[in-house]
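**Student:** Take this structure, written in structure tokens, and hold onto it; I'll ask about it next.
The values are calculated or read from the model by the stated rules, or taken from the named source; none is laboratory data. If you're wondering where the values come from, they're calculated on a predicted model, not measured in any experiment. Note that we place each Cβ from the backbone using ideal geometry, even for glycine, and neighbour counts take in every protein chain shown.
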């Protein structure tokens, strides 16, 4: 359990470092494409870390927290579908 918490903290810290590199604005599409090609590995790492963070956060939740989050997600889905 502690290893998962440490891994989660490491991934969050790494994504904080990568965030400015991933979410950067450009004046032209050509600049964006060149930047993306040069930094493709870091961009992939960021999004891969995001998926891992979500999984670890879910695994570290208590059963009560999981139930509450699941209920919230179900309500959001119903609202999005116009049934709520």
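**Student:** Do we have residue 49 as modelled with pLDDT of 95 or more, surrounded by 12 or more Cβ atoms within 10 Å (Cβ to Cβ) and over 30 Å from residue 1 (Cα atoms) here?
**Tutor:** No, not satisfied.
**Student:** Exactly one of (1) more than 27 Å from residue 3 (Cβ to Cβ); (2) over 16 Å from the mean Cα position of the chain (by Cα); (3) in a helix (DSSP H, G or I) is unmet by residue 24. Its number?
**Tutor:** (3)
**Student:** Being assigned to a helix (DSSP H, G or I) and under 29 Å from residue 5 (Cβ atoms) narrows it down to one residue among 37, 79, 30, 75; which is it?
**Tutor:** Exactly one of 37, 79, 30, 75 is assigned to a helix (DSSP H, G or I) and under 29 Å from residue 5 (Cβ atoms), namely 75.
**Student:** OK, next. Could you grab me the full set of residues in the range 4-26 that are free of Cβ contacts under 8 Å to residues at least 24 places away in the same chain and farther than 13 Å from residue 57 by Cβ?
**Tutor:** 6, 10, 13, 16, 17, 20, 23, 24, 25, 26
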